[in-house]
Structures are given as structure tokens and as C-alpha cells.
1. Once fully extended, how much extra length lies between residue 76 and residue 21, figured as 0.36 nm per residue of separation less the alpha-carbon to alpha-carbon distance?
2. What are the ³J(HN,Hα) couplings of the stretch 162-171, residue after residue, when phi is run through the Karplus curve with 6.51, -1.76, 1.60 and θ = phi - 60°? Round to Hz, x for glycine and proline.
3. How much net charge surrounds residue 140 when only other residues with a Cβ under 10 Å from its Cβ are counted (Lys, Arg +1; Asp, Glu -1)?
4. Can you pull out the GluC sites (Glu not before Pro) in the stretch 1-104 that DSSP calls coil and that have at most 10 other Cβ atoms within 10 Å?
5. Let me know the number of lysine pairs in the chain closer than 16 Å at the Cα, not counting same-chain pairs under 8 apart.
6. So what's the chain giving for Rg/Rh, alpha carbon basis, Kirkwood Rh from the mean inverse pair distance?
7. Tell me what the chain gives for mean residue ellipticity at 222 nm when only DSSP H runs of n ≥ 4 count, each as -39,500 (n - 2.57), the sum divided by the residue total, rounded to 500 deg cm²/dmol.
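What follows draws every value from the coordinates through simple rules; no lab data is involved. Please read all numbers here as calculations on a predicted model, not as lab measurements. Virtual Cβ from ideal backbone geometry, glycine too; neighbours counted across all protein chains shown.
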Amino acid sequence: MKTTPTKIPDVLLVEPRVVADNRGFFMETWHRARFAAAGIDFELVQDNHSRSVQGTLRGLHYQIRQPQGKLVRATAGEIFDVAVDLRKSSPTFGRWVGTYLSADDKRMLWIPPGFAHGFYVTGGPAEVQYKCSDLYSAEHERCIRWDDSQLKIEWPLEGEPILSDRDRLGGEPFARADCFP
């Protein structure tokens, strides 16, 4: 496994070792000791799986209490995955990083606790699986507008994105978002 820091060093691009032959492939998607040695030393307690049609945008979501670190991968299709640093004490506070993840490249993105997360489906339908370092808590969930003018995320949109009502109507501007110390 190879890990590469992104332009926000705490967010890591993970390239697993893939063993392929004429039957298909095999790869480890989680091995606590190996990931800990690579700097991802968390207990992962919840596994989520979503399916979205091309053009869907989900996010930017986070939990203000019980913040979740997420190990994200696309198991079908392709997504543009985004993490926004919400840690006020961080030198990268308010910055975002985005990368493509696909079923073909098998790469994963580690997003530590303290970040908002979202993705846009560029090749779909896409199935996204992510392991979380804490449990989901609806009462602590927050949403920042995906198109916030201060964040200026460069989504690779092809037309208007498909959004849930919550993402279209419920997101706070970054300037009013609950953030971490």
C-alpha cells in the first residue's frame, strides 16, 4: 500500500496493493496495523455504501460531535471526492482538496475527523463505500452549501447537479458553519 499526502497533508490518497490475474483481482481494503503504520490509526466502526446516478452531488456533510474520519472508495463508476478542512486550529482551515476515485483505479481517500465531505458522480452510476471512525448521529450532522462562494470548490460539473432536498435547501454558508476548535 502506498499513501500520498494531498495539498492538505492530513488527507491521504491511498493506493492499495492489487493482485490481479486472469480470474480478476484481490486487494485489502482495511488492515488496521498496515494502515496505522501509514498514518491512519483509527478504529473504524461503521461501513456505509451508497449508489448514485451520474451527475449526483452529495455533500458537504459532517458531524459537529462524534466527528467521523472516512476511508472512501468507489466500487463502481467514478467520483470527484472533496474534503474541506473545518479545524480552526489548522493551517489549512477553510481549504478544500478534491480527487477522482474510481472502481478502475481502486484508490481510496482518507479524510480525518474535522472535515466536511462530499462527492460528485462523474462516471455513473457510482457506488461509494466508506468506513467511518465514529457512528452516524443525525442530531449532530451538519451540511455546508456545496456551491459556497467562499470555498470556491471547483466541481467538474456537467450541467446542474442532482441534489437531495437537504443539500439543495439545507446547507449553511461556510461563514456560518459550525467548525471544530
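1. Length gained between residue 76 and residue 21: 17.8 nm.
2. In residue order, the calculated couplings are 8, 10, 6, 4, 4, 6, 7, 10, x, x Hz.
3. Summing Lys/Arg as +1 and Asp/Glu as -1 gives -2.
4. Filter output for the stretch 1-104: 43.
5. 5
6. Using only Cα positions, Rg/Rh for the chain is 0.95.
7. Theoretical 222 nm ellipticity from helices: -1500 deg cm²/dmol.
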